[in-house]
Amino acid sequence: MKLALLLFQNLLQAKHLTWTELTVDGFRRFTYSAKSFCKNVSVKKYSISHYLFLCLLCFNGPSWAVTQVLLIRHGETEFNKNKIVQGAQNVSLNAVGKEQAQQLAAIIHTEPKAIYSSDLIRALETAKPLAEKFGLSIVEAPDFREFDFGVLEGKGLEDAEVKDCRREHANKDFSAEWNTPMAEGAETYNQVVARFTHALTKIARKHPGGTVVVFSHMKAIHTFMRSLLQCGDNECERLGNCGIAYVDIDLDEEKLIRFIRQEVSPLGAYNSNFRLPFKVSTIPSCL
């Protein structure tokens, strides 16, 4: 018994889960693992050894129904360095950003089933070293593009127009904030979440039970995470360059997305293992 508890404790640490989180989510994961395993191998009756195997399968890796996704922000660009609004502008990585992309590839050891990326050059350049490491091609997905900021793009974050737009938008109530563009020609938060979630749902259907890496952008990921966690703008930490957010997507019956954790700056800068409250959310039925 002590050996079993020690084994599960080590597995939980490897999965970055707490015992509380295990209690909340573990039974669902085990149930789906057992059901999907039965479906895949045509087993109708289980012995105790079958169930022990399924327990280890469930907690030592993704269940048959759960897709693990690493949402990664691109490396540094000159716009990032000089605090300029990028949005849909097609800006390349600078020298620091290219080095960050190499370092990121070096710290990811689990081979993903697939690598997806925004079609903007800075995301593709960040994805390239990881794709080369595992011999995978990069699937371009425009739905993972950065938030389109309209007329604000190309302006400095300290520009009076940018500061006024951000302040005015932040002071709106929740409905207006999510359904009203921040500036002329900009996307709404709900539009970004809809395309982002739609793309993730398609990925989960294509790679059930696998690990997938998605390269995207700070504001797009931040907006998606806010919708997932139902939190305010300052309650969800923004990813640094090459920061990673980890989520599980479960499309088997309940259509659940579970936030696990995020590494704001996994390459060694501040707050490298920032942890938000554990959350299980339902994918919008319309998607």
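The values are calculated or read from the model by the stated rules, or taken from the named source; none is laboratory data. Keep in mind it's a predicted model, so treat the numbers as computed, not measured. We place every Cβ from the backbone using ideal geometry, glycine too, and count neighbours over all the protein chains shown.
Taken over the range 127-160, the criterion of being surrounded by 15 or more Cβ atoms within 10 Å (Cβ to Cβ), at pLDDT below 95 and of a type in the set (D, E, K, R) is satisfied by D148, E153, K155, D159. Just one residue in the set S117, S137 is in the same structural domain as S227 (by TED's automatic domain parsing), within 17 Å of V214 (Cβ to Cβ), among the hydroxyl-bearing types (S, T, Y) and touching a strand residue (DSSP E or B) at 6+ places or on another chain (Cβ under 7 Å); that residue is S117. Only residues that are outside any helix (DSSP H, G or I) and surrounded by fewer than 21 Cβ atoms within 10 Å (Cβ to Cβ) were counted in the range 210-229, giving 2.
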